[in-house]
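Read-outs: derived from the displayed coordinates by stated rules, not from any lab. Here the structure is a predicted model, which means the values were calculated and not measured. Positions of Cβ are generated from backbone atoms using ideal geometry, with glycine treated the same way; all protein chains shown enter the neighbour counts.
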Amino acid sequence: MLKRIGLDQLRLGMYVQEIPGSWMNHPFWRGSFKLDKQDDLKTLRNSNIDQILIDTSKGHDILVEKATPPTPMPANHTVEKLKPPIPAKIAIHVAAAQERVVATRILSASTQTVMAMFNEVRMGKAFDVQQALPVVQEITASVSRNAGALISLARLKATDDYTYMHSVAVCALMVSLAHQLGLSADETRQAGLAGLLHDIGKMAIPADILNKPGKLTDDEFTSIKTHSQAGHDMLCSVDGIGDAALDVALHHHEKIDGSGYPFNLKGAQISLMAKMGAVCDVYDAITSARPYKPGWEPGHSIKRMANNQGHFDDRVLEAFIKSVGIFPTGACVQMQSGKVGIVVDQHPGSLLTPKVKVFFSTLTSATIPLELIDLATTRSGDKIISHADPVKMNLPGLEAVWASAQLN
């Protein structure tokens, strides 16, 4: 039986069915669990939560002598899961600087949650899809407010957290792409979940291969390639997992020309979700810095992907470019005036007129005072003429400029 009880009635041995409020407002990444640790009991009692939902069929009931008679949940009552409707289209746009504050918190919490979930899978424990849905919910909400904020922050990955942050980033990219393709709310949620879980099969790969800082041997790469089938097999046994997550886990390395793996599928043999997963997976991988290579600049990455014939579906790639911008947030660009800057925000529906923070002049080959130029409103007549390669141009202080961009 499901009961709502006060925290003074909570005791060890109870089964917590649901903790009210956002998953980021409490330290428990699982929404439901057996309460068997004194520290967890103490944490719950010291929280700002008034009541909690328990399941007496899975754990202890309240002590009668300490409790007021609870009101049982009606027999036909369906417990509300943390799956609120997810908008299929971006409804409210906020400035990137404003959203970065929230996105930073979401990115950190999501990464820790994915790490905990994936590590339980590595240890052979069952995966509960219901624990992943709140993560998708929070990421979707951030992307709906400003897609570039969280996605640009996710490019900066710590070595030990790469697989988990990559999963969060691909989730965000899948949601943004789903918005651009006009998918329904449920399809958008499924796309986000598929992105979050697309690499779960890597938990079957030995850690020394997965985290190897240098180039993989042929045998090691063959081992890595098994992760797509392993991920599909893991998810097949999960109750409530959707077809999209299964499909993307198995097929996100397939290519339109048939040169991908594991089945060398071609064109129409690959589903829309898998085509989306392929684009989002590659974009985040090539724009992220790794121990053995620097991340490519976002604009350069888009250009390389567009020129990579046979890899991606043209319609999906075109929609992806529109979703992140021709000049994505975080891209280094050269202006007609000779100034060089970093794109710090987008204008929805206007791919060529983002906000740019300039910091360098090619005319003087020297840094200039930081200046924010909004190409959609400025009367200067300046415009972006090309992407700029910060490595080839040996641009100074790029990290400082980007750090400044997070605050303004």
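Some values worked out for this structure:
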quantity	calculated
Computed label-point distance, nm, for sites I368 and E318 using a 7 Å Cα→Cβ extension	3.6
Whole-Hz ³J(HN,Hα) from phi, Karplus 6.51 cos²θ - 1.76 cosθ + 1.60, for segment 188-205, glycine and proline x	5, 4, 5, 5, x, 5, 4, x, 5, 9, 4, 10, 4, x, 5, 5, 8, 8
In degrees, nearest ten, helix 162-181 long axis to first principal axis of the chain (Cα)	80
Options L183, I326, V136, ranked by Cα towards positive dipole end of the chain, top entry (Cβ charges)	I326
Long-range HN-HN contacts of R290 with modeled amide H, under 5 Å	G295
Chain lengthening between S350 and L63 when straightened (0.36 nm per residue, less Cα-Cα)	97.2 nm
K42/D161 FRET efficiency (R0 41 Å; Cβ-Cβ; nearest 0.05)	0.90
Peptides ranked, highest mean first, by Cβ atoms within 10 Å: ranges 186-192, 320-326	186-192, 320-326
The chain: angle of helix 96-122 to the longest principal axis, Cα-based, in degrees nearest 10	60
Estimated FRET transfer efficiency (S223, R379; beta-carbon r; R0 51 Å; 0.05)	0.35
Count of lysine pairs in segment 181-330 with Cα separation under 12 Å (8 or more residues apart, or interchain)	5
Spacing of the two label points (7 Å from each Cα toward its C-beta) at D257 and D389, in nm	2.2
Helix-only mean residue ellipticity at 222 nm for the chain, each DSSP H run of n ≥ 4 adding -39500 (n - 2.57), per residue, nearest 500	-12000 deg cm²/dmol
Förster radius 45 Å - calculated FRET efficiency between T104 and S237, Cβ distance, rounded to 0.05	0.80
Other-chain or far-sequence residues with amide H under 5 Å of I373's (modelled H)	V356, K357, V358
Degrees between helix 272-287 axis and first principal axis of the chain (Cα, 0 to 90, nearest 10)	60
Label-point separation in nm, R290 to Q309, each point 7 Å along Cα→Cβ	2.7
